[in-house]
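To keep things clear, I will list the structure first and then write my remarks on it.
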Amino acid sequence: SQQGEEDPQALSIQEGENATMNCSYKTSINNLQWYRQNSGRGLVHLILIRSNEREKHSGRLRVTLDTSKKSSSLLITASRAADTASYFCATYRGSTLGRLYFGRGTQLTVWP
Amino acid sequence: GAVVSQHPSWVICKSGTSVKIECRSLDFQATTMFWYRQFPKQSLMLMATSNEGSKATYEQGVEKDKFLINHASLTLSTLTVTSAHPEDSSFYICSVSSGHRSTDTQYFGPGTRLTVL
């Protein structure tokens, strides 16, 4: 079953702008991960943030985690047309090894 | 990261036939693989967890007899959709867990597009 929700469901921006996507979840987690999926392809892992971390950076990606609000955000700075994809958050609860619960995803479109 | 392949990448079959999808972990041994299905513009729904050398663990609502999973080796898991029907048309994706720690990530195959006529 799905764990949470991302918002917005769809986001359309111009190249160079920042894109922010949010994810909410319902239960306690061990870590939260963000994945990217290009149309008709598999998922690519972007970044993992543990439950005891509040912020993490990787290149143009910045992820925050607020466990009190059960929410996370993914910020892509200086977006490029190649960033166009669907972005999913997934939570790991720790109860079943490897089992991830995915959100509904945000479809990001970056216009050149 | 790990390299995961799936075969075939797409398949079209007639209603009532069975289709086998392979998931291979190319560069490390995977004791656990996961099978997901994804409908257009929707999220991934976990179907089952495939464990090497033992029976798969199916999610609630997934028919075991319809979606047969075999994880016969540490590098190969197969999903067989038996007596496929048009409603089984979907995008099937497998993933491999990179290890046994909670911070380990999953590596996904490129997916298999199944169309049942």
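Can A:ASN31 be described as over 22 Å from A:THR77 (Cα atoms), within 13 Å of chain B (Cβ to nearest Cβ) and in contact (Cβ under 8 Å) with a residue 40 or more places away in the chain?
Criteria met by A:ASN31.
Before we move on, is B:SER95 closer than 20 Å to A:TYR101 by Cα, within 13 Å of another protein chain (Cβ to nearest Cβ) and touching a Gly at 6+ places or on another chain (Cβ under 8 Å)?
In short, yes.
Assess whether B:SER77 counts as being small (Gly, Ala, Ser) and away from chain A (no Cβ under 12 Å).
Considered against the rule, which asks whether it is small (Gly, Ala, Ser) and away from chain A (no Cβ under 12 Å), B:SER77 comes out as yes.
For a quick check of your reading: which strands (runs of 3 or more DSSP E) sit entirely within region B:65-107 and have at least 1 residues that are modelled with pLDDT of 85 or more, aromatic (Phe, Trp, Tyr) and in contact with a strand residue (DSSP E or B) (Cβ under 9 Å, 6 or more places away or on another chain)?
Fully inside region B:65-107 and qualifying: B:67-73, B:90-97.
For every residue, the table says whether it meets (1) closer than 24 Å to B:GLN42 by Cβ; (2) among the hydrophobic types (A, V, I, L, M, F, W, C); (3) out of contact with any His (no Cβ under 7 Å at 6 or more places or on another chain).
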{"position": "A:ASP7", "(1), (2), (3)": "yes, no, yes"}
{"position": "A:THR20", "(1), (2), (3)": "yes, no, yes"}
{"position": "A:ILE29", "(1), (2), (3)": "yes, yes, yes"}
{"position": "A:LEU32", "(1), (2), (3)": "yes, yes, yes"}
{"position": "A:GLY40", "(1), (2), (3)": "yes, no, yes"}
{"position": "A:HIS45", "(1), (2), (3)": "yes, no, yes"}
{"position": "A:ARG50", "(1), (2), (3)": "no, no, yes"}
{"position": "A:HIS57", "(1), (2), (3)": "no, no, yes"}
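Considering only residues that are within 8 Å of chain B (Cβ to nearest Cβ) and out of contact with any Gly (no Cβ under 9 Å at 6 or more places or on another chain), look in region A:71-97 and name the one that is nearest to A:ILE49 (Cα to Cα).
So the residue we want is A:GLY94.
How many residues does region B:75-94 contain that are surrounded by fewer than 15 Cβ atoms within 10 Å (Cβ to Cβ) and free of Cβ contacts under 8 Å to residues at least 60 places away in the same chain?
Count: 1.
Have a look at B:SER73, B:SER54, B:SER15 and point out the one that is over 20 Å from A:GLY42 (Cβ atoms) and in contact with a helix residue (DSSP H, G or I) (Cβ under 8 Å, 6 or more places away or on another chain).
Result: B:SER15 is the single residue among B:SER73, B:SER54, B:SER15 that is over 20 Å from A:GLY42 (Cβ atoms) and in contact with a helix residue (DSSP H, G or I) (Cβ under 8 Å, 6 or more places away or on another chain).
Looking at region B:56-67, can you tell me whether even one residue there is among the hydroxyl-bearing types (Ser, Thr, Tyr) and within 13 Å of chain A (Cβ to nearest Cβ)?
For region B:56-67, residues among the hydroxyl-bearing types (Ser, Thr, Tyr) and within 13 Å of chain A (Cβ to nearest Cβ): present.
Those residues that are β-branched (Val, Ile, Thr) and either closer than 30 Å to B:VAL11 by Cβ or within 14 Å of chain B (Cβ to nearest Cβ) (or both), I need them from region A:40-68; list them, please.
A:VAL44, A:ILE47, A:ILE49, A:VAL63
The values are calculated or read from the model by the stated rules, or taken from the named source; none is laboratory data. Treat the numbers as computed from the prediction; the structure is a model and nothing was measured. Counting neighbours? That spans all protein chains shown, and the Cβs are built from the backbone with ideal geometry, glycine included.
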